[in-house]
Each structure stands twice: as C-alpha cells, then as structure tokens.
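Please read the structure below before turning to the comments.
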Amino acid sequence: MEIDPFVFRLSIFILSIFIGYFVVWSVTPSLHTPLMSVTNAISSVIIVGAIIASFSSLDGSGISVSNILGFIAITLAAINIFGGFLVTQRMLQMYKKKKKKDK
Amino acid sequence: MSANLSSILFLITGILFILALRGLSSPETSRTGNYFGITGMVLAIVVSILSVDIFFTNLIYFLIALSIGGVIGGIIAFKIPMTAMPQLIAGFHSLVGMAAVLVAVSAYYNPESFGLGAFQAIKTASIIEMGIGVSIGAITFTGSIIAFLKLQGLMSGSPITFPGQHYLNALLGALIIFLIGYLISNQSTQIFWTLIMASFLIGFLIIIPIGGADMPVVISMLNSYSGWAAAGIGFTLENIALIITGALVGSSGAILSYIMCKAMNRSFLNVILGGFGTDSSSTNIKEKKDQKPVKSGNAEDAAFLMKNASSVVIVPGYGMAVAQAQHALREMVDRLKKNDVKVSYAIHPVAGRMPGHMNVLLAEANVPYDEVFELDDINNDFSNTDVAYVIGANDVTNPVAKTDPKSPIFGMPVLDVEKCKSVLFVKRGMSPGYAGVDNELFYRDNTLMLFADAKKMTEDIIKNLN
C-alpha cells in the first residue's frame, strides 16, 4: 500500500516542531525580542503562496480576484520580510560586550 | 524547475531558518544567524518565482509589490523607537495573519493554479487544511490588531469584559470547528466566508479581555498563531518551506508564552480568560494600607546613598520604557562606575511588554549585555548588595508574592530586592502596580521612595553625583 504524501508532510511538520522546541529553548533570554522579530520575518515565507496566487492564470485572460489578492499578500509579506529582518539586524547590532577598561 | 528540485531547495530554506534561530543562542552568533535567515528567504522567493510559469510583464507586478512592501518595511524598521517594539511586533503578526487569509481565499477561488482541484470541488484534505489555515490566520489578524491598539495606547489597556463572554467565545469556537468540518461536504462561498468572519470575530473577542500587562503572553501567543497559520497554508499548498517554518515559529511562540506564564505564576488558561487586575478585593487592601507611613527622599539622598555604596543593582521595568529613561540610566551608571561602584542590572522575565523588552532597551542605551542578568542568575546576590535602584518596576519586586498566599500574585517569582541594605524606588506615585496589589516594600524601613518621573529623577541624580 502506498503512503499518502500527506503523511510525509505531517512527519516533516512534527519533526520541525521538535527542532523548534530544542532550538528555541537554547535561545538566550536577553535575545527573546529579536527572536520574536526574526520568527515573524521568517513566517513571511508565506510569500511563496502569494507568488503562486498572483501569477495564477495571468496569461492574458484578464486579472482575476486571485491575482489581486496575491498582489496584496506579496506587499504585506514584503513589509514583514524587510521590516522583520532589518529591525532584527538593527537590534542585534546593539548587543555589545563590555569594552576593555584601558580606553 | 521540477517539483522535486524545488522541494529540496525549500527544504534548504527550512534548514537556513533553523540556523537563523540557532544563532540567537548567543549575541555573538546572532548576526550571522540573521544572514542565514535572509539567505533562506531570498532562496524561497527565487525558487517559487522559477516554479511558476511567468511572463516578463507579471514579474513587474511582483517587483512592484515587493518594492512597495520593502520600502514600507524598511522605513518602519529604521524609524521605530526601541520602546515601541512590542506594538511593532504585534503589527507585523497581523500582516502575517492577513497574508495567510489572502492566500487561502485566493486558493479557494482559484484552486487549479495551486493544484488543489476545481472551484468548490477542492480535494478533501486540502479544504480542511485550508479551513484551518484561514481560520488561524484570521484569528491572528484581528487578535494582533487589538494587541497593537492596546500597546500603542489607541485603546485602553484595561481588560474589557462582559457577561457571557466566555460562553460566546466557546460557542464561536465550536462554530468554527463545525464549519471547517462542514466544508468537506459543502464548499459553498457562504460557508467559507462565514468561517472567515467567525474567526475574525473570535480573534477580536479573545484579546479584548486581556489586560495591558499580560501583553508579553499575548504577543508570544500571537507569534505562535502566526506560525500555525503559516503551517496550515503550507499543508494546503504542499510547501515544505512553509510547513517547517510554521512549525518553528509556532513552537517558538508557544515556548515564549510558557516562559512568560511561568514568570507570572499563572496558567495559560488564566491569562486567556483575562480580566486580571480588576479584582475589587485588591482595591480594598490598597485603601487600608495607604495610611501607613512611607519614607520619601529626593535625588540628593539617592545620589549620596549610591555614591557611598560598593554595589548597586538596577531593576528596570516598564516604567523605564515609558519614561524613555534608559539613556539617562546608563549615564548614571557610568558616573557610579567612576566612583568604583559595582553596578549590574537585574531583569525579570515579564518586565516590559514583551519577552526580552528590557534587554533590548538597555542594549540600545549601550549597556554591555554581560552586565545584564536574568532573575535566576542574580537573585542570590541581592543580600550582598548595598543599594537596589528600582526604576519603573513594581509587582516583580513585591515580597507579598512570597509571603501572602491570598495575594493574586502569590507564587510569582520575584526579585528579592528587599534583601539589599537599602532600596530606592523611583515611582510617580503610590499607586499599586498592574496587578492591583499594594507593594509592601514601600513601607519598609530600608526603602526610600523617590516620587518623580523615572527619567527626570535619574537625571537629577546624575547632577548630584558630580
């Protein structure tokens, strides 16, 4: 009997939850705010869905509802991607070690 | 691009995202981690563009959308003050939620291009996944909007409750589950849109009863939801990158919620049911205790105490963020260090309005991160400390949490500042903290109250340190 591809995706999903669990517990508490901004940025990978939506059947047969929704979704996800990664970078630049005393 | 190749590349995206989170285990590796994240995102976008059949004109639409979003996102990222980080994150979560809803609606009306079957004849598994994804996305959207409004101060931070609220929520929750199941047999637009509307409504309803200072839990929770929404869409679109990312973000947010709840000694359910801090009983206690004498001092007394101390611990809280006092605070600490006073910072997990909020603010003010300690690492040091400088924190220092089982905050881990030789409390007035509990510390003999705005008081102390 063949295994449904859904089972494979479910396996990936469950294993990723475990990876997430262990990786996130090792995040130092002082970086919890950047953690939130970076998880927010990466969850905008939903842009791949938006790309499919906005390009679907755009073959000259006119613009469909999907295309418009996809266009908006790309814009929203892009705000998140740029905003999320840049603000994370900005925060991480601030975390500095103690300077040596001889200055 | 073949489906197999793109799947493998999406898997690589997932791995890069895991490395991005892994990097955050220490500040030194975190910046590299962020580059992994950016690389993963670029890869995901390029792969998905190459896997759709597109014409040049369509690419222009994509670039327009990307640039609009990029410019807006870039401007926000550079302009946003660090104190406003909680509302920014809440706002960003709402965008993820909305994007999930839009993608799902688009897939619903045009399933052919997603390979999900035909309109209103979508494969059973896909329609369930889509229903779950769109519902969580919608909840994330309205919930985050409310969280944003509360954090931005555009809406009162106090809990909004009404009779029958929990029943209404339970009813709506049951309706949503029923509708998702009903979509299997009937994919009509009415059912689909009712599902979306019910989800929007419940997202709104579950956040309004939650008080302002429970926001660390709420933001973490919405963080988690945005992940599950992405995973739901990932299952619908059969996209590995989305499934992995959704799982990572979902568990990350869940862990943060757990940490925040534990730091307040409250169950997750208790936070979600909301209405905390409005007990009439705690108000009565406050009135009774107001009669007790407190010692209050001025900047000169505080400066004298700290100058002659050998060690000082700073305990910042949300009040510091509100008063934007972090830079003045750093300056004060610099002066103290010149006088050979040993200074460190103690941060309670729920200080501020989101996890790690205080750490970012102190980092912004150029405080080296190795001078900043978490609750567990510093709590034993208070007994060897001369002065605790509590600035804008209240409930997280209240010894009642250790002594009075009747107190609403009993059992919450607190910073043992009362063990210091003297405690300086910068506060605008005698009002209790967010929990509505009077702080016993105010009436102790070794406590000196400094009634002023946090920033102004700190600046005055700096003047007196000269």
Open item on the list: Would you confirm, using the coordinates I've provided, whether A:VAL45 is more than 16 Å from B:ILE49 (Cβ to Cβ), in contact with a Ser or Thr (Cβ under 6 Å, 6 or more places away or on another chain) and at pLDDT 90 or above?
Closed with: no
Task: Positions within region B:84-106 being under 22 Å from A:GLY70 (Cβ atoms) and either at the interface with another protein chain (Cβ under 7 Å from one of its Cβ atoms) or surrounded by fewer than 22 Cβ atoms within 10 Å (Cβ to Cβ) (or both), in sequence order - done: B:PHE92, B:HIS93, B:LEU95, B:VAL96, B:MET98, B:ALA99, B:ALA100, B:LEU102, B:VAL103, B:VAL105, B:SER106
- [ ] Examine region B:38-57 for a residue that is surrounded by 23 or more Cβ atoms within 10 Å (Cβ to Cβ) and of a type in the set (Phe, Trp, Tyr), and state whether such a residue exists.
- [x] no
- [ ] Having 1 or more residues that are more than 7 Å from chain B (Cβ to nearest Cβ) and under 16 Å from B:ILE18 (Cβ atoms) is the bar; report the helices (runs of 4 or more DSSP H) wholly within region A:1-90 that clear it.
- [x] A:5-25
- [ ] Kindly provide the set of residues from region B:363-402 that are within 14 Å of chain A (Cβ to nearest Cβ) and among the β-branched types (Val, Ile, Thr), ordered by number.
- [x] B:VAL367, B:VAL372, B:ILE378
TODO: Could you check, for region B:246-256, whether at least one of its residues is facing chain A (nearest Cβ under 10 Å) and over 21 Å from A:PRO29 (Cα atoms)?
DONE: yes
Open item on the list: Could you check region B:107-120 and list, in sequence order, the residues that are outside any helix (DSSP H, G or I) and either more than 9 Å from chain A (Cβ to nearest Cβ) or touching a residue at least 60 places away in the same chain (Cβ under 8 Å) (or both)?
Closed with: B:GLY115, B:LEU116, B:GLY117, B:ALA118, B:PHE119, B:GLN120
Task: Residue under evaluation A:TRP25, criteria (1) surrounded by 19 or more Cβ atoms within 10 Å (Cβ to Cβ); (2) within 20 Å of A:TYR95 (Cβ to Cβ), criterion not met - done: (1)
Task: Tabulated pairs, region B:68-91, first under 14 Å from B:ARG353 (Cα atoms), second outside any helix (DSSP H, G or I), C-beta under 7 angstrom, 6+ apart or interchain - done: B:THR83/B:GLN324; B:MET85/B:MET354; B:PRO86/B:ARG353; B:PRO86/B:MET354; B:LEU88/B:ILE80; B:ILE89/B:MET354
Task: All positions within region B:366-390 that are in a strand (DSSP E or B) and more than 21 Å from the chain's Cα centre (by Cα) - done: B:VAL387, B:ALA388, B:TYR389, B:VAL390
Open item on the list: Quick check on B:THR142: is it away from every other protein chain (no Cβ under 11 Å), touching a residue at least 40 places away in the same chain (Cβ under 8 Å), assigned to a helix (DSSP H, G or I) and surrounded by fewer than 24 Cβ atoms within 10 Å (Cβ to Cβ)?
Closed with: yes
Open item on the list: Looking at the structure I just gave you, is B:PRO81 crowded, with 22+ Cβ neighbours inside 10 Å, more than 7 Å from every other protein chain (Cβ to nearest Cβ) and under 22 Å from the mean Cα position of the chain (by Cα)?
Closed with: no
TODO: Mind counting the residues in region B:354-365 that are surrounded by fewer than 23 Cβ atoms within 10 Å (Cβ to Cβ) and either free of Cβ contacts under 8 Å to residues at least 60 places away in the same chain or part of a strand (DSSP E or B) (or both)?
DONE: 1
TODO: Just give me the residues in region B:8-57 being part of a helix (DSSP H, G or I) and over 21 Å from A:ILE81 (Cα atoms), in sequence order.
DONE: B:ILE8, B:PRO27, B:GLU28, B:PHE56, B:THR57
- [ ] Given the conditions (1) surrounded by 24 or more Cβ atoms within 10 Å (Cβ to Cβ); (2) among the small types (Gly, Ala, Ser); (3) without any contact (Cβ under 8 Å) to a residue 40 or more places away in the chain, report the number of the one that B:ALA351 does not fulfil.
- [x] (3)
Task: Within region B:402-420, tally of residues that are more than 28 Å from the chain's Cα centre (by Cα) and without any contact (Cβ under 8 Å) to a residue 60 or more places away in the chain - done: 6
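The values are calculated or read from the model by the stated rules, or taken from the named source; none is laboratory data. Just so it is clear, the model here is predicted, and its values are computed rather than measured. So basically every Cβ, Gly included, is an ideal-geometry build from the backbone, and we count neighbours across all protein chains shown.
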